[in-house]
Amino acid sequence: MAQTPRKLKTRKVYNTPGHSHYITFSTLGMRPYLTDERICKLFAGTICRELRKHKVAMLAYVFMPTHVHLLVHPLNEIYDISKFTKAIKRGTSSISRSKGWIKTRLWEAGGGYDRNVSRYRSRRFMVNYIHLNPVVAELIEDPLQYKWSSANWSVTGKVGAIPCIHLSSLDYS
């Protein structure tokens, strides 16, 4: 009996000028790879490089042990957010494997979840959600305590692993 080809999930990505993107994706099998300081440092460095290359600004981020939340904002009218996401995942995964830190790939296949965010209130909600993620997961009591998050920067202005921009710097006209 012939097998039916497996149908892969597809998702539609909207590269809409002026929109931010809330992106989340998981480690392979929800393994806690992001508890490894070396992988987190590599991932942060990869994100910084790809932010510059793709002309994207970071609004908020958090690296949880098994997944990542990012709120990013493309700075050009014409962009491809999927290329940015693919670049940050691919760069971190291949180097982690070549250094022997992991034996399999780092991330689940595909682009993860990408939601367009166009309103200030929605962006503000996403920033709060991202910063509170480690508290809700009971990893810490205060979001300012979490190293791999932009929460501390948003309150104190002290730049963490990835430079961010304030929501107020975006054009809402």
For the stretch 57-80 and the stretch 17-38, what is the separation of their Cα centres, given in Å?
-> 9
Label-point separation, LYS53 to ILE140 (7 Å along Cα→Cβ), nm = 2.9
Quote the charge dipole size of the chain about the Cα centre in Debye, to the nearest 20; the model charges only the Cβ of Lys and Arg (+1) and of Asp and Glu (-1).
-> 720
If one builds a Gaussian network model of the chain from Cα atoms under 10 Å apart, the most fluctuating residue listed among ARG52, ARG31, ARG105 is ARG52
Taking the stretch 20-167 as the region of interest, what is the percent of Cα-Cα pairs per 5 angstrom bin, listed from the shortest bin to the one with the maximum distance?
-> 2, 10, 20, 24, 22, 14, 6, 1, 0
Excluding near-sequence neighbours (fewer than 8 apart on one chain), the stretch 20-167 holds lysine pairs with C-alpha atoms under 22 Å apart numbering 21
Can you tell which of LEU75, LEU139, LEU34 shows the greatest fluctuation in a Gaussian network model of the chain with Cα springs below 10 Å?
-> LEU139
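Once you keep just the Cα pairs under 8 angstrom separated by 6 or more residues, what percentage relative contact order results for the stretch 65-173? Write down the numbers at each step before the final one.
Details: 58 pairs, mean separation 17.7, N = 109.
Dividing the mean separation by the residue count of the stretch 65-173 yields 16 percent.
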Say the dipole of the stretch 20-167 comes from +1 at the beta carbon of Lys and Arg and -1 at that of Asp and Glu; which of GLY157, ALA44, TYR22 then lies farthest toward its positive end?
-> ALA44
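Please work out how much length the chain gains when fully extended from ILE165 to LEU75, using 0.36 nm per residue of separation minus the C-alpha to C-alpha distance, in nm with one decimal.
Values: separation 90, 0.36 × 90 = 32.40 nm, distance 1.15 nm.
Gain on stretching ILE165 to LEU75: 31.2 nm.
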Chain lengthening between ARG115 and ASN128 when straightened (0.36 nm per residue, less Cα-Cα) = 3.1 nm
Given springs between every Cα pair under 10 Å in a Gaussian network model of the chain, which of GLY110, GLY29, GLY160 has the largest fluctuation?
-> GLY29
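No value in this document is a laboratory result; all are computed from the given coordinates. Since this is a predicted model, take the numbers as computed values, not measurements. Don't worry about glycine lacking a Cβ; one is built from the backbone with ideal geometry, like all the others, and counts go over all protein chains shown.
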